[in-house]
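Values in this text are rule-based calculations from the coordinates and carry no lab data. Only a predicted model underlies this, so the values are computations on that prediction, with no experimental measurement involved. Here Cβ is always computed from backbone atoms with ideal geometry, including for glycine, and neighbour counts include all displayed protein chains.
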Amino acid sequence: MSNSLLLLSYLIGSIGFIIGLKMLSHPATARRGNLVAAGGFLIALIGTLVLYHDSNGKHLHNYGWIFAGLVIGGIIGVVSARKVKMTAMPEMVSMFNGMGGLCAALIGIIEFDHKVHLPVREYLLLNGQTISILSDATIQTGLILILLIEVVIGTVSFTGSMVAWGKLAGSIKDRVFKGQRIINFAMLAGIVVLVIYLLSICPRHFQIINGELAGLNATLQISNTAVIIFCIIILLAILYGIFFVMPIGGADMPVVISLLNACTGVAAGCGGLLYNNAVMITGGILVGAAGGILTILMCKAMNRSLKNVLLGAFGSAAKKVEGGATHGSVKEISVSDAAVVLAYAHKVLIVPGYGLAVAQAQHACHELEKLLESKGVEVEYAIHPVAGRMPGHMNVLLAEADVSYDKLLEMENANAEFPATDAVLILGANDVVNPAAKNDPSSPIYGMPVLEVDKARMVIVNKRSMKPGYAGIDNALFFEPKTSMLFGDAKQVLQALTAEIKQM
Amino acid sequence: MQILISFFQQNINMIYIIVLSIFLGIEVISRVPSVLHTPLMSGANAIHGVVVIGAIIIMGTVEPGNVPAIILGFIAVIVGTLNVIGGYVVTDRMLEMFSKKKRKE
C-alpha cells in the first residue's frame, strides 16, 4: 500500500514537472508554471521522506542528518536567491546548477562504494538459485556504466558551472593557451577509454573479502585497481569541466550555462535509473532535453553554431581582426548637448546593454523615459535578444524598474522603427549594434542579427570607455559622423541627463 | 553484448520513460519567446534539483557506521536542496516582475 502511494506521489511529481515546464514557456502562465513544478517536487519529496523503503522493506534512517541537510540547504538557498541582485541573476543560476551537478556526482560516488561490495547471499536470494557470481557482476556492469556517466557528467557540470560563475562575477578571466583544444579532447578521450576499461575489468575483479562462497555468506569486493581508475576518472572530469569552460568568452556564457544545465539534468536522470526512481528520471531527462533545445535556440538567436561556441573560435578569430580595424576619431558630446538632442526629438529609441545592467541603471533609465514622455517625446526600448549576459536579461531588468511591457520592441520591430527615429540612446551595448555583423564578412560576428541603429538620424552612445565589447572587436559605429559618444557610468549619465532636462 | 541485452530487458520500462521524456522536453520548449529564455533556464535548473531525492534515499539507506558515506551524503543533501529551493525562488523572483507588468495593463 505505502509503496503504491509512493509511486503515486512520483507520478504526480512527474506530471507537475511536465505541466510546469509547459506553463513556463508562455509569458502569461510562466509564474504559475514555476509554482506547479515546485508543488510537484514537494509532493515527490514528502512521498520519499515518509513512504520510501528499500527492497527488504526497511524504511529510511538517518533522518536527523537528512533534515539537517534539508534545512541548511533550504536556508542558504532562500537567502541567497532573495538577496541576489537582478544583474547577478546569471551567476546565481550557474551556481545553483553547479550545486545540482555536485549532488549528482556525490550520489554516484557513494553508490559506487555501495555497488562494489556485493553481498552474495542477498543477490542469490533475490535472483533465484541459478545465478552465478559472474552474471551477478554482469548485472552490475550496466548499473556501473550509468553510475559512471552520472559521476562524470555531474562533476563536469559542477566544475564547469563554478568556472562560469566566477567568469560572470568577474573573478576569473578568460584563459586560452596553445593546444588547449587538443588537451581538452585528450582528457575527454581519456575519460571514455578509462570508463570502458573499468567496465571491462569489473566482472573479473571481484574478490571474496570475507566468508565462504559455498556457504553463501560471502562479500565480494572490487579490486583496488578498479577503485584507483574510478578516482582517476573523477579527477579527469574535474579538470575537463574547468578546461572546457575556461576559454569560452563571457558573451557566450549563457549558452554554456544552458548546456551545463542540460548536463545536470542528464546526470539527475542517470541517478533516477540507478534507483529505478521515476520522478528523478522524468525530471532529469525532461530538463536534459529541454535544456538542449534551449541551448540551440540561444545559439540561433546569436546566429552561431553550438560547435562554434564550444570550441571558442570566437576568441581566437577576434585577435586576428583587431589590428587593422581602427579608423578615424570619435566625437564626444556633453551631457547638456545630449539632453537638448533628446528633449527636442520626436522619437527616441533606447538600446540597453550590459553597461546598463552593471551600473544598475534601470530605474534611472525609467526616470529619464518618464520625463521625456512628459515633454511629448515618444520613447521606446529596442531589445536585442542577447543583450546583456543572458537572453531576456534586459526584459527582466526593465520589468524590475516598472518599464511598461509594450514599450519593449523586439529586434525586428525595432529595426523597422529606426529610420523614423530622431535619436538613439545606446546604454552600454556594443556587439549587438555593431554594423560589422551586416557589412564586414571578415568580422567574427558577421551574420549575427543586430539592431540597425545607424539608420536613425542621430546616435548617442553611452559607454564607460572605448574598450571593445565581449566579442573583443572594434565597433565602426562609434566612428560614424552621426554618432556621438557620451562617456561615463550609465547610472550617473542618466541621472545627469534627467537633471539637465528638468531644468529646460 | 549479453550485458547490453540483459540490461535492456531489465530496464525496458525506464527506457520507455526516458525516450518519451526526451520527446516531451523538446516538444514543450520548441516555441518559446526569447523574453522567457532566462526564466525558463532558471526554472529547468530548479526542476533537475529533483536529484536531491536520490541524495535523501542514499542518506537514508547508508549504514550508520559508514562515516565517509554519511558525510558525502550530507553534503549531497545540502547542495541538492540549495539547487532546488534556490532555483524555484530565483525563478519566481524573475517572473514576479513580468506578472507585475501584466496586472497594471
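Points to keep in mind about this one:
- For the range A:376-458, the residue among A:420, A:435, A:394 whose Cα projects farthest onto the positive side of the dipole built from Cβ charges is A:435.
- Stokes-Einstein, applied to the Kirkwood radius of the protein assembly as shown over Cα pairs at a viscosity of 1.002 mPa s and 20 °C, places its translational diffusion at 83 µm² s⁻¹.
- Within-11-Å neighbourhood charge of residue A:424 [Cβ basis; K, R +1; D, E -1]: -1
- Selection from B:51, B:79, B:38, by position along the positive dipole direction of chain B (Cβ): B:38
- Shielding by partners for peptide A:270-276, expressed as the average number of C-beta atoms from other protein chains within 10 Å of each residue's C-beta, is 5.
- Total formal charge among the other residues, if their Cβ is under 13 angstrom from that of residue A:293, Lys/Arg +1 and Asp/Glu -1: +1
- The charge dipole of the protein assembly as shown, taken about its Cα centre with unit charges on the Cβ of Lys, Arg, Asp and Glu (plus for the first two, minus for the last two), comes to roughly 360 debye.
- Relative to the current alpha-carbon distance between residue A:67 and residue A:480, full extension at 0.36 nm per residue lengthens the span by 142.4 nm.
- DSSP-defined beta bridges in the protein assembly as shown - what % are antiparallel, rounded to 5: 25
- When the Cα convex hull of the range A:325-503 is projected onto planes of every orientation, the mean area is 9.0 nm².
- Projected onto planes of every orientation and averaged, the convex hull of the alpha-carbon atoms in the range B:34-104 covers 5.2 nm².
- Cα radius of gyration and Dmax for the range A:1-111 (Å): 16.4, 50
- Pairs over the 30 Å Cα-Cα cut-off, from the set A:300/A:455; A:85/A:455; A:85/A:178; A:83/A:331: A:85/A:455; A:85/A:178; A:83/A:331.
- Within the range A:231-252: backbone nitrogen closer than 17 Å to the residue A:308 label point (7 Å, Cα to C-beta): A:248-252
- Estimated inter-spin distance, residue B:6 and residue A:5, nm [label 7 Å along Cα→Cβ]: 3.7
- The trypsin sites (Lys or Arg not before Pro) of the range B:23-100 that DSSP puts in a loop, and whose beta carbon has at most 11 other beta carbons within 10 Å, are B:31.
- Only Lys, Arg, Asp and Glu carry charge here, each on its Cβ (+1 for the first two, -1 for the last two); on that basis the range B:34-104 has a dipole of about 700 debye about its Cα centre.
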